[in-house]
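Written below as structure tokens is the structure these notes are about.
Readers should treat all values here as calculations from the given coordinates under stated rules, not as data from a laboratory. Small disclaimer: the values here were computed from a predicted structure and weren't measured. Positions of Cβ are generated from backbone atoms using ideal geometry, with glycine treated the same way; all protein chains shown enter the neighbour counts.
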Amino acid sequence: MALKVSVDRELCQGHSVCLGECPEVFDVVESDEGYPQVVVLQDAPPEALREKVLAAAQYCPNHVITVSEE
Ligand code: SF4
């Protein structure tokens, strides 16, 4: 089972908690909305990043990160 990461950018408010937890998978950049938003750098991260990806999803203040298994 491989990890699959998706985000709801509509609800992301650029707190950068995700970037702090797992910079291998998440970046936060300026958006057209006028404030920073998350970018997923790899939507199928390796197993070695599982703990960090799950931490990012858990601690995202807006709960916009979804991690599933494929
Ligand atoms: S922690 Fe959540 S709300 Fe903040 S930038 Fe990351 S995905 Fe967006």
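Could you list Glu69, Glu30, Glu24 in order of exposure, starting from the residue whose Cβ has the fewest other Cβ atoms within 10 Å? Numbers along the way, then the final one.
Details: Glu69 7, Glu30 10, Glu24 14.
Placing the least packed residue first, the sequence is Glu69, Glu30, Glu24.
Just for the Cα atoms in the chain, what are the lengths along the principal axes, largest first, rounded to whole Å?
On the principal axes, the chain reaches 37, 19, 18 Å in Cα extent.
Could you tell me how many degrees, from 0 to 90 and to the nearest 10, lie between the Cα long axis of helix 50-59 and the main elongation axis, the longest principal axis, of the Cα atoms of the chain?
Here the helix axis deviates by roughly 40 degrees.
What does the charge count near Asn62 come to, summing +1 for each Lys or Arg and -1 for each Asp or Glu among other residues with Cβ under 15 Å from its Cβ?
Details: positive: Arg9; negative: Asp8, Glu10, Glu21, Glu33.
Once positives and negatives cancel, what remains is -3.
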